[in-house]
Amino acid sequence: MTAAALSILILASTAAVPAPRWNPKAPENGQALPSFSYATLEPVLAAIGARHQRAGAPGKPQLLVSFANNRKAVLTLSACDAQGAACKGLSIQSYWTKIANSPAARTTDAIASFNQRYAFAKAYIADDGRPALQRYLTADYGFIRGNLAVNLLVFSRQADQFATQVLRPLETAAR
């Protein structure tokens, strides 16, 4: 079997498997996670139906995530030990392509309006001109597993709202 055929077979078999439904009443949701790491994040991502891939360098872990609603994010761990096995900070960020069909002032106003309506995560224009959404969490004294799941789920919903309520209208208005 060729590598291409094997890849198609793997994709087809994983596409047929429905994403698990997160159970907010699961007993493990009350578990205190001592810090953020691959070991503490990956089971939560799996529980909420998010696909993920490890990235980053040793001591600077990252996860590339695709949530169940197909919104993508980069989870960057910070304030880590040398191995990246115990991190106190977690940045959840989504980026989109630069808005080409809207004046900069209109884009800035739309993002400011979004930030006034939704306080959970911050929308902004990144240094490279791309719209972005970010949420930052700390685990200086640990983090409850269920709260992490809810933060990730709410972020994925807010990323969807940002894309559909702010970015899509900006792109289509000038066409």
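The values are calculated or read from the model by the stated rules, or taken from the named source; none is laboratory data. Owing to the predicted nature of the structure, the values given are computational and were not obtained by experimental measurement. Positions of Cβ are backbone-derived with ideal geometry, glycine not excepted, and every protein chain shown enters the neighbour counts. Surface accessibility is based on the protein's heavy atoms, side chains included, excluding ligands, DNA and RNA. Shrake-Rupley method; radii C 1.70, N 1.55, O 1.52, S 1.80 Å.
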Q: Select from segment 30-76 the residues that are without any contact (Cβ under 8 Å) to a residue 40 or more places away in the chain and assigned to a loop (DSSP other than H, G, I, E, B) and write down the one among them that is nearest to Thr164 (Cα to Cα).
A: Asn70
Q) Does Ala47 satisfy being more than 29 Å from Arg168 (Cα to Cα) and either of a type outside the set (S, T, N, Q) or in contact with a strand residue (DSSP E or B) (Cβ under 7 Å, 6 or more places away or on another chain) (or both)? A) yes
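For segment 138-164, which residues satisfy the criterion of being part of a helix (DSSP H, G or I) and either open to solvent by 50 Å² or more (accessible area, probe 1.4 Å) or of a type in the set (A, V, I, L, M) (or both)?
Within segment 138-164, the subset part of a helix (DSSP H, G or I) is 145-164.
Across segment 138-164, the qualifying residues are Asn147, Leu148, Ala149, Val150, Leu152, Leu153, Val154, Arg157, Ala159, Asp160, Gln161, Ala163.
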(Q) Restricting to segment 165-175, count the residues that are of a type in the set (Val, Ile, Thr) and open to solvent by 10 Å² or more (accessible area, probe 1.4 Å). (A) 1
**Q.** Selection count, segment 86-106, where residues are crowded, with 16+ Cβ neighbours inside 10 Å and assigned to a loop (DSSP other than H, G, I, E, B)
**A.** 4
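Kindly indicate whether any position in segment 118-137 is closer than 17 Å to Leu33 by Cβ, in a strand (DSSP E or B) and open to solvent by 50 Å² or more (accessible area, probe 1.4 Å).
Scanning segment 118-137, I find at least one residue that is closer than 17 Å to Leu33 by Cβ, in a strand (DSSP E or B) and open to solvent by 50 Å² or more (accessible area, probe 1.4 Å), so the answer is yes.
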Q. So which residues in segment 77-134 are over 21 Å from Ala163 (Cβ atoms) and of a type in the set (Ser, Thr, Tyr), if there are any at all?
A. Ser78
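Tell me which residues, restricted to segment 58-70, are open to solvent by 50 Å² or more (accessible area, probe 1.4 Å) and either of a type in the set (A, V, I, L, M, F, W, C) or touching a helix residue (DSSP H, G or I) at 6+ places or on another chain (Cβ under 7 Å) (or both). Quick ask: steps written out before the conclusion?
Here is the first cut: in segment 58-70, the residues open to solvent by 50 Å² or more (accessible area, probe 1.4 Å) are 58, 60, 62, 64, 68-70.
Those that are open to solvent by 50 Å² or more (accessible area, probe 1.4 Å) and either of a type in the set (A, V, I, L, M, F, W, C) or touching a helix residue (DSSP H, G or I) at 6+ places or on another chain (Cβ under 7 Å) (or both): Leu64, Ala68, Asn69.
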Q.
Given the options Ile111, Ile92, Ile99, name the one that is closer than 21 Å to Arg145 by Cα and either modelled with pLDDT of 95 or more or over 19 Å from the mean Cα position of the chain (by Cα) (or both).
A. Ile92
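How many residues are of a type outside the set (A, V, I, L, M, F, W, C) and within 13 Å of Leu152 (Cα to Cα) when one looks only at segment 41-69? Steps first, answer last, please.
Here is the first cut: in segment 41-69, the residues of a type outside the set (A, V, I, L, M, F, W, C) are 42-43, 49, 51-54, 56, 58-62, 66, 69.
Now narrow it down to the ones that are within 13 Å of Leu152 (Cα to Cα): 42-43, 49, 51-52, 66, 69.
Here the count works out to 7.
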(Q) For Arg175, only one of the following conditions fails: (1) more than 19 Å from the chain's Cα centre (by Cα); (2) at pLDDT 95 or above; (3) not in a helix (DSSP H, G or I). What is its number? (A) (2)
